[in-house]
Structures are given as C-alpha cells and as structure tokens.
Amino acid sequence: WLAPACWPPFPLCHARRFAAAAMAPATSSSAFVAGLLVAPGALGASEQCLLQAGGQLSKASWPWSRPSQTHAPAVESGPNWGCGLVGTLPSISSDGVASGETRRLIDGIKGSSDFGKATYWNWNVAPQRTGGHPEYLSSDMIFMPEVWGAGAAVESGPGGLREAGKAGFPDMMGGTSPAEMATILLGMNEPDIVGSCMGNMFGKCTKPCAQSSVDMGKCPIAYPSGPAADANEYGECNCWQFSYPTGVGYWNLAGCAAPQPLPTLFENPALSAQCVNIVMDAWKETARVAKLKGYKYLSTPLVAVDIEYTRKFIEYACGCDTETKECACTDASCGCPVYIGFHFYGNDCQPETLGTYDVFRQRLRAAADIMEDYPFVQGAIINEVGMLNFAFSAIGEPDTGKYPAERQPGHTCPRTAELPNGMATFLEKMMDIVIEAKTKDGREVVKGFSWFNQDSVGGTYDLRLQGNDGRINELGEAYIAGCSKWARSRSG
C-alpha cells in the first residue's frame, strides 16, 4: 500500500495513534514497514496503495498439507507478560538508565510480569524515534515486536527481526537498546476494520483514492497534523504520501479482489479463498523467519473489535478441524499463534452508560471460549487500552461526543457520577475486570495489558501517565496500583 518514494525509511505504522508530527519523505532506495516493502518507482498510480504480500510459499509448506498429525489438547500456561507501556517515556538516557518518576513507574508495574520486567511496544520491530522523541528503554524492560502489515517479516537489514530473547539488540536509531527482545512476535495491526486515515482527516477518510479520483484531481492529501480537512465525497484521500492509516484493514491487498479485503477475509471462504491463501502464505514466511530468530510464540493479528477474527486466523494458521478441534500444529514453528491479540477502547467518558465494561467482559469471554476450544492458546494480550474522544464506535470524528476533550480540563475525562476520579476510575475498573477473567478450568485469560500512554493521538483523550513535567499523574498512580494489584492476585 506504499506510494513510491513517499514514506520515511523506518516509519511507525500503527493503529490510530501516532505522534502528531509530519514525517519527511523517504530518501532511501526502498521504504520499510514491518510486513511491507516496495521500491520507489515500482508502482504506477493505479497500484500505489497495493500491499505487497511478500514471499509466496508452496501449499506443501502449510501444516494442514503435511502428513496428518493430531495433537492432544494439553492445557499449558504460557508466560504472563504483565503490564506494558507505549509512547514517550521521559528520563531514560540513551544508555538505558531510567531515573526520577519514570523509574518509579517502571518499578511500579513490572511486578505484574512473569519476567519481572515492564513490556514496551511501538508497532514495529525495534525501538525508534517517533515524533522527534527517541524510544530509549531500560534493561528491566522487554520490547515486544510486531509485523504491522499483511506481508512477511524481513529476515535481515534495519527492518529485519532482531534475535529473540537477547538484550543489547540494535534499535532503529543507530544504537543498541539494553532492553530484552521478547520471545513473542505480534501479528498484523487491526485487519478486522477499515479504520481511518490518521491526522487531519481522522474519522472522515476511510479509504484510499481510487485511480479515477486521482485522475480527476479529487484526491485530497491527508497530513499527520494541522487544521481539520475533509475527504472527497466518497470518503477517500491520499493517505500514503504524508499520513498513514489506523490499521492494515484500510489498504487493498495485491491478489485479492475486494478493494479492502482484510476486514471481510473470513466471511465468505468460497469467494475469498485466494485472498486467505495470500495472507497465510505471507504469515508462514513470517513464522519461518521468526523461528530462525528464536521466537517461541506468535500472536494472532491485533484486532480492533472482532475476537472471532482471531479464532478464524488460528484455525487457518494452525490447520484446525472446527468440528473435532484437532489441529495439525500448535506452536510457532508452523505459524500457529498461541496468544490472542486485541485492542480495547471506551468512548466519550461514559463507560457505564454506553456499556463499555460489559463489552470488555464479553470480549474476554470470547477469548476464553477460544482458549477452552483450543487449550494450546495461552491467553490474550491487550496492548492498546484507552478512551476515545467520540461516541459509540472504534472510528469517529473527535470532539463529537457528550464530553469533547477540547472542552475538558487537561483534555481528559471529567469527574462524574460514573467516573468519580475521572479517567483513573475507568483504568481501575478495567484492571479489576482483567484480574477477574478466568477460563472454566481456572486459567488467566489476560496475559498482557498496555494502557495507551499517548496525548490525544488518533481520536483519544490525553491518556498519558505522566504530565508535561514528567511527574506521574493521577492516571499513572492508578496504573501502578492496578498493575500491583494484578501482581498480588497472581502470586496469591
């Protein structure tokens, strides 16, 4: 989906939430995002949004095409990755020394992890510079890499997967991070929804321009920041030149018939079989590279709303019989994800009125159902949690709800009857639900949780855990308390 020579060398492509800073055009001979690679000049105008699916594997390499083998369901408890962080972390030096309030924040949440370390992720394969801010991490942090797109992981080079389980790996800033590289690789980002272009057309631009719109000069350019602007009458814009979408579901996919095929990938197998094969071929190549680099675990795609999408992905990737629940392979060696990945957001500071807590419980119940049907699935990683600044949906126009951020002190949730401590109440309640969630056989459902520590990015309120002065705010204190409570509940 990359336009020729229009993307920075190592961009952060992720869901809904980028620092609002314009990024310079690419100057390298190719542009890289995990899962996406295209050389400048390689695509014509009509192809400029085609996502390159990566190397194709023969069907003989798929687990369900190998000699038949079944795996007896064995209940296994994989590692709990605990509480994590995303976004800018002040007061960590380039050599990885965390000080002041950031040190207190890391110390306050890392006990929730089986590793005794706080996790961090950034929608890419290594720490990088985002919005002008370097992502320096300390030695008591674990970086969790992701292949953002539907294409295959890269084996080597600046955008290649780093060796799993090792500290002192190369970051994407020309240095070495003292953090530990996780042994889990996260799947593509939000393929289950079309999403929106980020920046000044957020909530308005929901598809890339058709070639006819480009030819007629009706393809407005979206920017990561600046005054609000409108898409064309079809909801289209140029989201490839300076901006980026919320997730991979926004783009088309080479070889697939539908213009935005990923959100409906599993809805009609008879019509989408070729597209499923393209996605799975690329995923098997990702699994090959991951195994080579020492990764022990894979996650499903990180879905925005549809947990059943992750079930279908597991069934295809692991070669599962949906009737008998027997699967051809149940580990990363064949591309079988054993962690469910999803994101979760409330809306408009009204979690009780809008039923947010109940919806969260329902999604955790759906994840538990998958774990019970396929006991090799070890839990859910929820690595974006926060509050959206509009009502009712995953994508919308900011400041259109009952409590628009632009009218609230600090651009956060006000104190109300259902949020007596503002946003902190929401976070506290979410952590309580995490702690309560169990399968019928007593396993923890949630194996990772990351609050979306960003300031009004991609339709959110100000969700930062630290203020402008670096001090941990009320929300940050609630996160420390919730993660500590989770740690105590697990040790007891």
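For this structure, a couple of remarks:
- On the stretch given as the stretch 285-309, residues that are out of contact with any His (no Cβ under 7 Å at 6 or more places or on another chain) and either small (Gly, Ala, Ser) or open to solvent by 20 Å² or more (accessible area, probe 1.4 Å) (or both) total 14.
- Selected residue (only one of GLY410, GLY442, GLY396 is surrounded by fewer than 20 Cβ atoms within 10 Å (Cβ to Cβ) and farther than 22 Å from ALA478 by Cα): GLY442
- One residue stands out among those in the stretch 465-479 that are part of a loop (DSSP other than H, G, I, E, B), open to solvent by 80 Å² or more (accessible area, probe 1.4 Å) and free of Cβ contacts under 8 Å to residues at least 60 places away in the same chain: the one that is nearest to THR88 (Cα to Cα), which is ASN468.
- Residue count for the stretch 428-464, restricted to those that are charged (D, E, K, R) and either without any contact (Cβ under 8 Å) to a residue 40 or more places away in the chain or part of a helix (DSSP H, G or I) (or both): 4.
- Residue within the stretch 206-226 that is under 23 Å from MET188 (Cα atoms) and charged (D, E, K, R) present: yes
- Residue satisfying all of: in the stretch 263-273; modelled with pLDDT of 95 or more and part of a helix (DSSP H, G or I); surrounded by the most Cβ atoms within 10 Å (Cβ to Cβ) among these: PRO263
- Restricting attention to the stretch 349-389, the residues that are outside any helix (DSSP H, G or I), open to solvent by 10 Å² or more (accessible area, probe 1.4 Å) and not polar (S, T, N, Q) add up to 5.
- Candidates in the stretch 154-207 are the residues that are within 16 Å of GLY249 (Cα to Cα) and charged (D, E, K, R); of these, the one that is least open to solvent (accessible area, probe 1.4 Å) is GLU190.
- Of all residues in the stretch 208-252, those satisfying the criterion of being among the hydroxyl-bearing types (Ser, Thr, Tyr) and open to solvent by 20 Å² or more (accessible area, probe 1.4 Å) are SER212, TYR223, SER225, TYR234.
- Any chance SER484 is farther than 27 Å from SER225 by Cα, open to solvent by less than 70 Å² (accessible area, probe 1.4 Å) and outside any loop (DSSP other than H, G, I, E, B): yes
- Residue pairs whose Cβ atoms lie under 9 Å apart, separated by 6 or more positions or on different chains, with the first residue in the stretch 102-121 and on the phi > 0 side of the Ramachandran plot and the second open to solvent by less than 10 Å² (accessible area, probe 1.4 Å), are GLY116/GLY82.
- For ALA282, the conditions (1) at pLDDT 95 or above; (2) part of a helix (DSSP H, G or I); (3) surrounded by fewer than 20 Cβ atoms within 10 Å (Cβ to Cβ); (4) not polar (S, T, N, Q) all hold with the exception of (3).
- Failed condition for LYS402, given (1) surrounded by fewer than 24 Cβ atoms within 10 Å (Cβ to Cβ); (2) in a helix (DSSP H, G or I): (2)
- Filtered residues of the stretch 310-326 (kept if open to solvent by 10 Å² or more (accessible area, probe 1.4 Å) and in a loop (DSSP other than H, G, I, E, B)): GLY319, ASP321, THR322, GLU323, THR324, LYS325, GLU326
- Candidates GLU326, GLU352, GLU372, filtered to the one that is of a type in the set (Asp, Glu), under 18 Å from GLY78 (Cα atoms) and touching a residue at least 60 places away in the same chain (Cβ under 8 Å): GLU372
The values are calculated or read from the model by the stated rules, or taken from the named source; none is laboratory data. The structure presented is a predicted model; accordingly, all values stated were derived computationally and were not measured. Because the Cβ atoms are built from the backbone with ideal geometry, glycine has one as well, and the counts that use them run over all protein chains shown. Ligands, DNA and RNA are excluded from the accessible area calculation, which covers all protein heavy atoms including side chains. Shrake-Rupley method; radii C 1.70, N 1.55, O 1.52, S 1.80 Å.
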